[in-house]
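The values are calculated or read from the model by the stated rules, or taken from the named source; none is laboratory data. Bear in mind that the values here come from a model prediction, so they are computed numbers and not experimental data. Side chains included, ligands, DNA and RNA excluded: accessible areas come from the protein's heavy atoms. Shrake-Rupley method; radii C 1.70, N 1.55, O 1.52, S 1.80 Å.
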Amino acid sequence: NPGERLTEEHLAKKLGVSRTPVREALHKLESEGLIKPLETRGFIISADSKEELEELFDIRTSLEGYALRLISQIISEETLKRMDKLILKAEHALKQRNIEEIFKWKTQFHDTLHDLIAHKPRIYSMITNVRKYVLRYRKDTLHYLDGAKRTIDGHRKIMLALRLKDPDLCERMMREHIQEAKMDAEQSLFEKTQENLSDKIRS
């Protein structure tokens, strides 16, 4: 995890290799900014990427929660039915374990909502910018099927809130949905850092 201390001895023992490849891998990760040297022995996993991820998802939580509050008052039944179909397509893709398709239909679900606030240029532009950065984290998390299922379940809850035309519930459901996505992204980031370390040791 970000903030976790890494030492040559511990990693060599854990991975069953000598300390030399571990030392080389640690220095490569340091040069890439993924870990930082400690004043005492060892290194610490950099928190920079995690902090950026948290900030982006928290900003998105506020923006899209507020946006769904506005959308709840103007969305048509025709649009709701179109979004229902996107969820069904995502569920079918989940059964097929087709990650690319899940990502495609998930993105279209949020695109549909986003388009409904095009008449609010400031918030529309802010959400566009934040989503652009978030997607580079988000796609990785959907490679875990439980994360993909949580995404679809979240979309179901959002649809229920929209049909009830309850602005408070809509905002809460969207906020919860994006915070769940943040937790998945944090886990994915941690696992990618660990994989990166193992790959460098074995290369």
Query - segment 175-189, subset open to solvent by less than 60 Å² (accessible area, probe 1.4 Å) and at pLDDT below 85, residue nearest to the chain's Cα centre (by Cα) - result: Ala185
Report summary line: Picked from segment 71-89 (must be more than 24 Å from the chain's Cα centre (by Cα) and open to solvent by 40 Å² or more (accessible area, probe 1.4 Å)), the residue nearest to Thr112 (Cα to Cα) is Arg82
Query raised in the report: Of the residues His143, His114, His92, His155, which single one is within 16 Å of the chain's Cα centre (by Cα) and at pLDDT 95 or above?
Result: His155
